[in-house]
1. Looking at (1) over 30 Å from Ile187 (Cβ atoms); (2) under 25 Å from the mean Cα position of the chain (by Cα); (3) open to solvent by 80 Å² or more (accessible area, probe 1.4 Å), can you tell me which one Trp72 breaks?
2. With the structure loaded, tell me whether Val146 is touching a helix residue (DSSP H, G or I) at 6+ places or on another chain (Cβ under 6 Å), closer than 13 Å to Val115 by Cα and not polar (S, T, N, Q) or whether it fails that test.
3. Could you tell me whether any residue of region 160-183 is β-branched (Val, Ile, Thr), in a strand (DSSP E or B) and modelled with pLDDT under 85?
4. I'd like the full set of residues that are open to solvent by 100 Å² or more (accessible area, probe 1.4 Å) and within 30 Å of Ile187 (Cα to Cα), limited to region 1-57.
5. If I ask for residues that are of a type in the set (Phe, Trp, Tyr) and part of a helix (DSSP H, G or I), which ones from region 45-90 would you list?
Amino acid sequence: MKRTLARGLMNVLPMAISLWLFWSLFVSLDGLGVLLLELLGIDTHVRGEGFILVGLLVFVVGLAFSVSPIAWLYAWLERQLMRFPLFKSVYGSIRDIASLMNRDGKPKQQKTVLVKQANGGFVVGFIMTDKPPRPLLDALPEGDWVPVLFQLSYQMAGVTSLVKREDLIPVDWSFEEAMRFNLTAGISQTPQRQE
């Protein structure tokens with residue numbers, strides 16, 4: 001009985017939480033769109049119209065950013081706002097996370113690697129870029145150093161360490177699969193295909 005209940009819970013809970021999160025996002029965006037419609041004096045009550053409006057607005061903004069003057073104006077506004085330290089920290093972090101999800105067709109730079117630990121074990125990490133910032137390179141001893149992200153399980157947080165490239169073991173594993181493995185502490189693994 002207890003085992004059957006646990007099996008049912010483990011199968012239903014992830015789906016229920018995912019559907020709830022997507023439904024909450026839909027309702028929130030729909031509410032935002034309805035608010036915009038009401039501000040324009042349009043008073044209708046069809047579920048989803050606000051969501052469609054927000055989707056169309058995001059699409060129009062995407063089109064607008066393909067026009068040079070608008071992209072230039074936005075870049076100028078962004079540079080002005082980045083002068084404020086708190087805004088720069090928050091906005092910069094969010095922008096960097098968003099850029100991880102959308103590379104506009106560019107190949108992903110992240111590489112999965114293993115790093116040997118002092119106790120003989122290995123840690124899965126990710127080379128996020130091949131070039132550390134100049135101030136870090138100037139402070140480090142000679143060597144080919146790269147920043148390696150060690151993702152913490154069940155968090156969006158991680159630890160970035162500078163590691164010599166010669167101490168890394170490249171792994172032929174996609175960033176997405178390796179990240180899922182790290183985020184779930186090894187519980188979530190993509191089934192291996194039979195060859």
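The values are calculated or read from the model by the stated rules, or taken from the named source; none is laboratory data. None of the values given here were measured: they were computed from a predicted structure. Ideal geometry is used to build each Cβ from the backbone, glycine not excepted, and the neighbour counts take in all protein chains shown. Just so you know, the surface numbers come from the protein's heavy atoms only, side chains and all, with ligands and any DNA or RNA stripped out. Shrake-Rupley method; radii C 1.70, N 1.55, O 1.52, S 1.80 Å.
1. For Trp72, the exception is condition (2).
2. Details: touching a helix residue (DSSP H, G or I) at 6+ places or on another chain (Cβ under 6 Å): yes; closer than 13 Å to Val115 by Cα: yes; not polar (S, T, N, Q): yes.
Answer is yes for this residue.
3. Pass one, region 160-183, residues β-branched (Val, Ile, Thr): 160, 163, 169, 171.
Those still in the list that are in a strand (DSSP E or B) too: 160, 163, 169.
Then drop every residue that is not modelled with pLDDT under 85, which leaves 160, 163.
Checking region 160-183: at least one residue is β-branched (Val, Ile, Thr), in a strand (DSSP E or B) and modelled with pLDDT under 85.
4. Residues satisfying the conditions are Met1, Lys2, Arg3, Leu5, Arg7, Met10, Asn11, Met15, Leu19, Trp20, Phe22, Trp23.
5. Pass one, region 45-90, residues of a type in the set (Phe, Trp, Tyr): 51, 59, 65, 72, 74, 76, 84, 87.
Listed by number, the residues that qualify are Phe51, Phe59, Trp72, Tyr74, Trp76, Phe87.
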